[in-house]
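The values are calculated or read from the model by the stated rules, or taken from the named source; none is laboratory data. As the structure is a computational prediction, the values presented were derived from the model and not from experiment. A quick note on method: Cβ atoms are made from the backbone with ideal geometry, for glycine too, and the neighbour counts reach across all protein chains shown.
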Amino acid sequence: MDRPIMWCFFLWLLGALIPFQADSVAVMSVDLGSEWMKIAIVKPGVPMEIVLNKESRRKTPVAVCLKENERLFEDGAMGMSVKNPKVVFRYFQDLLGKELGNPLVELYQKRFPEHQLVKDESRGTSLFKISDELRYSPEEILGMILNYSRNLAQDFAEQPIKDAVITVPAFFNQAERRAVLQAAQMANLKVLQLINDNTAVALNYGVFRRKDINSTAQNVMFYDMGSGSTVATIVTYQTVKTKESGTQPQLQIRGVGFDRTLGGLEMELRLRDHLAELFNKQQKTSKDVRENPRAMAKLLKEAGRVKTVLSANVDHMAQVEGLLEDLDFKARVTRLEFEALCSDLFERVPGPIQQALDVAEMTMDEIEQVILVGGATRVPKVQEVLQKAIGREELGKNINADEAAGMGAVYQAAALSKAFKVKPFLVRDAAIYPIQVEFSRAVEEEEEGVKSIKHNKRILFQRMSPYPQRKVITFNRYTDDFEFYVNYGDVSFLSEHDARVFGSLNLTTVKLTGVGSSFKKHSDAESKGIKAHFNMDESGVLYLDRVESVFEAVVEEKEEESTLTKLGNTISSLFGGGRSEPKENETETAQEEEESPPEAKKEDDDDDGAKKASDDSQDAQEDEAKSDGEKAEAKEGENGEQQEDKDQANEESKPKEESKEETAEKEESKTDGKETSIKNKLPKKSKISEEIGVELTVNDLLDPTVEQIELSKKKLQDLTDRDLEKHEHEKMLNSLEAFIFETQDKLYQEEYQNVITEDEKDQISGKLSEASSWLDEEGYSAATKDLKEKLSELKKLCKAMFFKVEERRKWPDRLAALDSMLNHSTFFLKSARMIPEDEQIFTEVELNTLEKVLNETTAWKNDTVADQEKLSPTEKPVLLSKDIEAKLGLLDREVKYLLNKAKFAKPKPKPKEKSSNTTADQEKVIPSKEEQVGEGTQSPEEAKPAEEPPTEGESADKKNEENDSSPEATTSKEPDGKSNTEAPESPKIDSHLEDEL
């Protein structure tokens with residue numbers, strides 16, 4: 001490659017890389033549990049890693065303390081939950097995406113009566129009432145948590161982060177998933193994906209066991225019992241072939257079972273109530289401890305500790321100091337008592353397992369391993385019940401039960417981010433709840449001639465359908481504006497309690513406008529129906545992408561002219577005859593025909609069959625979607641409806657297909673060996689799509705408006721700004737306090753007393769005392785700006801004192817370094833001047849320049865030190881450390897220049913000696929054959945193999961010897977016939993001196 005081209009390429013590459021390196025490339029994950037959250041990051045040079053919080057812990061409490069002028073997280077919030085539980089909010093995930101009357105909201109109010117929940121009149125959801133003016137929604141509380149998690153990740157990664165993957169329970173419905181996305185939007189956090197908890201765990205498990213996955217399906221069950229809920233998931237691991245990256249491992253969710261309220265929190269609440277009863281029985285006071293929120297918060301904290309200890313011990317002493325009215329509480333609790341309190345909970349442990357097996361249509365014999373996840377699985381009774389339920393003695397404990405979900409989620413974040421390249425691991429998640437499309441149409445009875453309304457249902461996504469995927473519903477019998485409904489399908493598999501918790505089964509009402517006008521506009525074309533395109537994205541959220549009215553029009557094609565006709569027309573035009581120009585509409589038709597794709601196979605047959613079929617099969621046709629570029633299995637809809645497996649976008653890029661008659665006719669013409677034109681061609685058709693207006697009405701739970709989202713963003717940003725202001729105020733207050741106390745102490749130290757006069761000391765001491773008094777009286781409530789001004793004023797007053805002390809501390813080291821440099825430089829100059837003239841590599845100007853710098857530096861040093869010694873310590877010094885460093889730098893630069901020249905200088909060549917046998921033209925002496933193979937040389941037979949390449953230290957010297965074909969190396973012939981190559985030696989510099997310099 002030419003050097004200019006290579007240089008241009010290098011500059012282009014450099015320019016392309018700089019913006020990439022400057023941008024933030026780190027990504028994060030948040031494993032959002034009911035009680036704890038685990039945060040993980042991936043950044044360049046740092047693979048998947050758990051983020052440590054400010055207390056250097058790997059998991060962070062999901063808690064927010066909202067006081068009037070203060071907001072706390074982590075341990076600060078947990079500590080406040082005992083002192084003032086009314087202002088600390090925990091376990092609020094059950095409130096997301098639910099109306100105020102939901103059974104889970106009522107259960108939350110029962111568990112935490114200290115919080116006041118009111119109704120949001122615009123959406124019907126719940127709000128935390130802090131005061132008459134201040135209220136927060138659960139989404140806003142979650143937004144605060146997500147924003148704080150991002151701050152922790154940014155501090156840990158030391159760079160900004162904007163992209164995240166967040167875990168959610170697998171049983172979250174559409175409203176709950178949208179609520180999490182809204183909370184992230186309020187926190188200005190871009191969500192790459194909402195990933196189900198157990199899917200993230202399964203991904204983490206599979207990534208680290210990639211080598212064990214092969215074409216044979218392996219079924220693993222993950223049993224996750226956390227603080228708030230329990231989920232059992234069956235996952236199938238298997239390698240599959242893909243077009244993009246060949247054979248890759250894949251995990252597929254086959255079955256999911258869950259219990260929304262079975263978890264460690266319910267166990268702790270029951271143990272808390274048991275401890276409250278024990279305290280009341282002690283009759284230390286007439287008051288009921290259960291009516292005191294603060295005392296119950298202390299008991300809940302103690303119940304959590306006791307539950308953990310009982311997992312490894314048969315009994316433990318529960319104790320709380322100053323529980324109520326400064327009375328201490330102490331009682332012994334046994335593991336048997338705890339298990340008796342939660343006996344009905346343990347009976348529900350096998351439920352999710354059986355649900356998952358039923359959905360997956362499997363038995364426990366097909367499950368290779370059951371792996372425990374979640375903190376509540378550490379309870380011995382839970383493991384005992386699980387072993388009986390699955391009929392096995394061992395449970396899988398070979399993953400980190402606390403961090404597996406967070407690590408799997410951050411791997412997915414790296415895979416979704418464009419900044420990282422990870423090994424592919426395919427994930428096929430599944431939608432737990434079926435979704436269907438419902439619509440009504442007036443139908444006329446054949447016998448009575450009376451019109452009736454007929455309701456139709458079409459399955460859009462079956463239960464456990466994989467996602468992400470797209471689907472298309474086609475309505476064939478509508479010619480005017482109409483509406484249809486997107487609702488949940490059959491959810492009879494839910495328990496009675498779960499069905500009430502689930503909320504509304506109606507998702508969306510879709511009103512279409514412009515259908516009638518599209519039919520009028522294309523009255524001459526054949527209708528192919530109204531197509532609605534749906535998309536369930538990676539987060540499991542359903543969207544309606546677009547609706548279009550599709551028509552098929554016949555395109556008239558101009559009959560092709562024969563070769564003789566074309567030749568005649570050309571000759572006529574040459575002699576001035578008329579030229580036949582194509583008509584404008586014919587040109588447009590050809591263009592349209594060329595660009596418009598044909599309809600998919602069997603579309604005409606489907607339409608013909610639709611006319612003969614029942615009304616139900618005519619009303620809608622469902623297209624199977626493609627998930628990640630692969631076709632899902634074709635399934636028949638209800639009432640014999642046919643489902644298509646085509647994608648509109650891919651359909652437009654298909655090549656045109658010839659009709660069967662055309663192909664047969666061509667084959668027949670080829671058989672006869674004659675080239676004849678094809679007659680009676682079938683008319684070509686073009687596809688026409690008309691965009692249809694869509695008006696959506698959300699029926700399950702209204703989303704906040706854009707204005708409400710912006711208002712929530714502002715509320716959260718104001719809180720963040722207030723926190724930053726508070727942090728800055730505390731930092732400045734601490735700095736001012738520290739400066740006052742440290743400076744007052746320095747005034748009594750000898751080195752400071754030597755550099756100031758008594759008047760200066762009294763002035764500084766007075767100002768410090770004055771600032772200390774001001775700080776005690778009003779400084780703690782003063783504005784940050786006032787604190788900064790006060791600190792700046794004190795620093796300015798003490799600047800001269802600090803400067804003189806600092807200079808005196810630096811003098812010894814700086815002067816010693818300067819003396820050493822002067823001595824070595826002088827010795828170097830003397831050595832350089834002693835080099836023989838014929839070997840001298842330094843010019844006289846260079847040596848004189850060094851000598852001049854040496855003399856000037858020595859004179860400056862002697863004069864300045866002498867002047868400084870004449871001054872009093874309280875006066876401003878004239879010997880400054882920065883001047884010494886400047887002199888050191890100048891001298892060092894001059895010496896290094898000469899040293900570098902000595903390193904790379906080439907020795908001067910010696911003059912060639914003229915031989916008496918040579919002529920004026922320097923006749924070459926060619927040795928005889930015997931001389932060539934004489935002493936000191938080798939014959940070809942005795943030649944040795946090539947030597948090993950020189951080491952790094954020898955390469956430079958050998959390279960100089962091999963490439964030295966200049967007159968600097970001379971060759972002479974010795975009497976015995978061998979050739980001898982000699983080079984004059986380089987001028988020698990003391991190596992010890994060179995190293996020191």
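Some points to look at:
- Just one of the numbered conditions (1) crowded, with 24+ Cβ neighbours inside 10 Å; (2) not in a helix (DSSP H, G or I) is not true of S215: (1).
Okay, residues lined up against (1) touching a residue at least 60 places away in the same chain (Cβ under 8 Å); (2) under 24 Å from I435 (Cα atoms); (3) basic (K, R):
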site	(1), (2), (3)
Q182	yes, yes, no
F208	no, no, no
I213	no, no, no
T242	yes, no, no
G255	yes, yes, no
R260	yes, yes, yes
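To keep it simple, each residue is scored yes or no on (1) at pLDDT below 90; (2) farther than 22 Å from P873 by Cβ.
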| position | (1), (2) |
| --- | --- |
| F739 | no, yes |
| E751 | no, no |
| I764 | no, no |
| E778 | yes, yes |
| S781 | yes, yes |
| K790 | no, yes |
| E793 | no, yes |
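- Test for Q708: is it closer than 30 Å to P138 by Cα and assigned to a helix (DSSP H, G or I): yes
- For the stretch 104-119, the tally of residues that are part of a helix (DSSP H, G or I) and either crowded, with 17+ Cβ neighbours inside 10 Å or on the phi > 0 side of the Ramachandran plot (or both) stands at 3.
- Candidates E366, E291, E321, E339 - the one that is among the acidic types (D, E), in contact (Cβ under 8 Å) with a residue 12 or more places away in the chain and not assigned by TED's automatic domain parsing to the domain that holds G226: E339
- Number of residues in the stretch 387-410 that are buried (at least 21 other Cβ atoms within 10 Å of the Cβ) and in contact with a Leu (Cβ under 6 Å, 6 or more places away or on another chain): the value is 1.
- The requirement of being in contact with a Phe, Trp or Tyr (Cβ under 8 Å, 6 or more places away or on another chain) and over 29 Å from Q387 (Cβ atoms) is fulfilled somewhere in the stretch 209-224, by at least one residue.
- Taking (1) surrounded by 14 or more Cβ atoms within 10 Å (Cβ to Cβ); (2) at pLDDT 90 or above; (3) more than 30 Å from Y897 (Cα to Cα); (4) not small (G, A, S) in turn, E806 satisfies each apart from (1).
- Looking only at the stretch 268-288, and only at residues there that are without any contact (Cβ under 8 Å) to a residue 60 or more places away in the chain and within 20 Å of S227 (Cβ to Cβ), the one that is surrounded by the fewest Cβ atoms within 10 Å (Cβ to Cβ): D273
- If the condition is being touching a strand residue (DSSP E or B) at 6+ places or on another chain (Cβ under 8 Å) and of a type outside the set (V, I, T), then the stretch 326-353 contributes D328, F329, K330, A331, R332, R335, R348, G351, P352.
- Considering each residue of the stretch 772-786 in turn, none proves to be outside any helix (DSSP H, G or I) and over 30 Å from L134 (Cβ atoms).
- The one condition in (1) closer than 19 Å to A184 by Cα; (2) free of Cβ contacts under 8 Å to residues at least 24 places away in the same chain that E55 fails to fulfil: (1)
- Candidates S765, S712, S781, S772, filtered to the one that is small (G, A, S), surrounded by 12 or more Cβ atoms within 10 Å (Cβ to Cβ) and within 45 Å of the chain's Cα centre (by Cα): S712
- Within the stretch 287-321, the only residue that satisfies the criterion of being outside any helix (DSSP H, G or I), within 30 Å of E384 (Cβ to Cβ) and charged (D, E, K, R) is D315.
- Residue check for S792: touching a residue at least 24 places away in the same chain (Cβ under 8 Å), under 50 Å from the mean Cα position of the chain (by Cα) and farther than 30 Å from D863 by Cβ: no
- Taking the criterion of being of a type in the set (F, W, Y) and farther than 26 Å from A232 by Cα, the residues of the stretch 136-173 that qualify are Y136, Y148, F156.
Rundown of residues vs (1) on the phi > 0 side of the Ramachandran plot; (2) at pLDDT 95 or above; (3) among the polar types (S, T, N, Q), yes/no style:
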residue	(1), (2), (3)
E121	no, no, no
K129	no, no, no
D132	no, no, no
E139	no, yes, no
R178	no, yes, no
Q182	no, yes, yes
L192	no, yes, no
N196	no, yes, yes
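- Candidate set from the stretch 426-444 (those that are more than 19 Å from A170 (Cβ to Cβ), of a type outside the set (V, I, T) and touching a helix residue (DSSP H, G or I) at 6+ places or on another chain (Cβ under 9 Å)); member that is modelled with the highest pLDDT: Q436
- For Y485, the conditions (1) modelled with pLDDT of 95 or more; (2) touching a helix residue (DSSP H, G or I) at 6+ places or on another chain (Cβ under 6 Å) are fulfilled apart from (2).
- Qualifying residue in the stretch 135-155 (condition: in contact (Cβ under 8 Å) with a residue 12 or more places away in the chain and part of a loop (DSSP other than H, G, I, E, B)): yes
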